[in-house]
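Only the coordinates and a few stated rules stand behind these numbers; no lab work does. Just so it is clear, the model here is predicted, and its values are computed rather than measured. For neighbour counting, all protein chains shown are included, and Cβ atoms are generated from backbone atoms with ideal geometry for every residue, glycine included.
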Amino acid sequence: MNEKQRLEGQQVETANSSDKKSAKDYSKYFEQVITAPSLKEAKKRGKEEVKYHNDFAIPEEFRGMGNGRKFYIRTYGCQMNEHDTEVMAGIFLALGYEPTDNTEDANVILLNTCAIRENAENKVFGELGHLKSLKLEKPDLLLGVCGCMSQEESVVNKILKTYQQVDMIFGTHNIHRLPNILNEAYMSKEMVVEVWSKEGDVIENLPKVRRGKIKAWVNIMYGCDKFCTYCIVPFTRGKERSRRPEEIIQEVRHLAAQGYQEVTLLGQNVNAYGKDLEGVNYGLGELMDELRKIDIPRIRFTTSHPRDFDDRLIEVLAKGGNLMDHIHLPVQSGSTDVLKIMARKYSREQYLELVRKIKAAIPNVALTTDIIVGYPNETDEQFEETMSLYREVGYELAYTFIYSPREGTPAAKMEDNVPMEVKKARLQRLNALVNELSLEAMKKYKGQIVDVLVEGESKNNPDVLAGYTSRSKLVNFAAPKSAIGKIVKVKITEAKTWSLNGEMVEELEPAEVK
Ligand code: 5AD
Ligand code: SF4
């Protein structure tokens, strides 16, 4: 963000009550603070300097704002959003609010939204509809929409026009402004809109309340400059900007000291880590090489882009230890022609070469991926190439999606000759293959003893505990609750498509057994 935008952003915009009632021209909200996704504009942004801030503090006048009040945040979408929710929860607590997991008890409800596909957005609009009656019952309730959807002009417009039960809309770059936004909403009782476009800074010392004491997310970078032609993220999350290594290392050290067993490093494209850091040649490989020396049992990272996945990172990951042998490597399509239209900047062959190198260096690696089917004009042959690549790589799991046009992205303007039934049929075929290979991968574990980080009781049966192996396989097994939070040895007795069953084969220290 440049200085001009920063200063403009200090101004919280409010819609006056007459605007809320009559369908007026809302363009004034977009003049300064919001720009519609524009590839041309966004691509210019690389030149702007990233500012690092270490001066976040709850303004004196807002302390105690939350006394006697409760907050509820519903999170949609990816881990990045989950982690943003942890930061917002930290800010709420610092303001004196208490958490609640019940919307009826809440004085403030936030929907932290996802814009990646249309159905993600529809869920949020549906929820806003449900919350209308609660808002009518409790006029003092504050209802806010934040996260990726708030960064889209069309969404903000739609909320302003049709969802007048909403009190606040703020974007992904405005989280640290939550105290001011809440204050403004209490003062004015009018819709508060605060969204900054395009870039964003790095704000270091925001409070966070992590969910749980076992696994933690750590941002290493924000934003994305890859501009895959289908993807809204470069517009909603701003430009690529890396946190400084020393800040990340300190955060991981601190988590280790607090007894966390696992950290997952987060970024939309973690392999671009460090590219924007001036005057140093320091990438994800270097960062992982330093982090692996920290006394924390497990380190993971997500999400990777194959184009930036370099040899240095492979060399470091091959050192093993606390660096986990699971890599999520989204391929999106097995067809070089489709990859080109997606602007993924690698071919099928280059991807396979990367997989070959990774497997040679880390023989036990588990690879998983993301795939989009039914890209505009995808032919049967091109889809078959995705199917054959899937087998060739031997993925252990995939997240599969039907292409969903996102307004403002280049692909949304492409004509598309693939009927929805064809797309659905392709997805079904791909999913059948995903299931087949998942089960195959799971069966290999039968009889093996694996290390499981125990996260808690299984969802379906409180007598059974559940956790994950180093290669991210879910394992259910009977064991005393004192195993929760520890890494224990489990012998696998049964393999299913999505999970393994087993028996714990180690004695917990007597003092620890209840
Ligand atoms: N339509 C369908 N899937 C998408 N993804 C991103 N954008 C879209 C879209 N417009 C998928 C990609 C990405 C994952 C997080 O979501 O596979 O890796
Ligand atoms: Fe979207 Fe990922 Fe491509 Fe970035 S690299 S544009 S986040 S799919």
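For the reader, a short list of remarks on this structure follows.
- The chain: radius of gyration over Cα atoms, expressed as a fraction of 2.2 N^0.38 Å: 1.00
- Violating pairs (Cα-Cα greater than 24 angstrom) within the set Lys161/Lys208; Lys443/Lys491; Lys51/Lys161; Lys51/Lys239; Lys70/Lys135: Lys161/Lys208; Lys51/Lys161
- Segment 331-381 and segment 112-170: distance between their alpha carbon centers, rounded to Å: 35 Å
- Comparing Cα centroids, segment 236-260 and segment 439-461 end up 29 angstrom apart.
- Taken along its principal axes, the alpha carbon cloud of segment 48-152 reaches lengths of 39, 38, 20 Å, longest axis first.
- Stokes-Einstein D for segment 256-405, Kirkwood Rh over Cα pairs, 4 °C, 1.567 mPa s (µm²/s): 79 µm²/s
- Around the amide H of Thr264, modelled in the peptide plane, lie the amide H atoms of Ala216, Trp217, Val218, Arg300, all under 5 Å away and 5 or more residues distant in sequence or on another chain.
- Counting only DSSP beta bridges with both residues in the chain, the antiparallel share comes to about 35 percent.
- Remark: for residue pairs Lys123/Lys496; Lys446/Lys486; Lys226/Lys345; Lys226/Lys340; Lys226/Lys275, the C-alpha separation exceeds 19 Å in Lys123/Lys496; Lys446/Lys486.
- Estimated D of segment 376-441 in µm² per second, where Rh is the Kirkwood radius over Cα pairs and Stokes-Einstein applies at 4 °C, 1.567 mPa s: 99 µm²/s
- Modelled spin-label separation between Asp311 and Lys359, with each label point placed 7 Å from Cα along the Cα-to-Cβ direction: 2.0 nm.
- Loop-located trypsin sites (Lys or Arg not before Pro) across segment 452-491 with a Cβ neighbour count of 10 or fewer within 10 Å are Lys459, with loop assigned by DSSP.
- Summed over qualifying helices (DSSP H, 4 residues or more, each -39500 (n - 2.57)) and divided by its residue number, the chain shows a 222 nm mean residue ellipticity of -10000 deg cm²/dmol.
- Average projected area [Cα convex hull, segment 184-258], square nanometres: 7.7 nm²
- Backbone geometry of segment 121-138 corresponds, through the Karplus equation with coefficients 6.51, -1.76 and 1.60 at θ = phi - 60°, to 3J(HN,Hα) couplings of 5, 4, 4, 5, 4, x, 5, 4, x, 4, 6, 4, 5, 5, 5, 5, 5, 10 Hz, x marking Gly and Pro.
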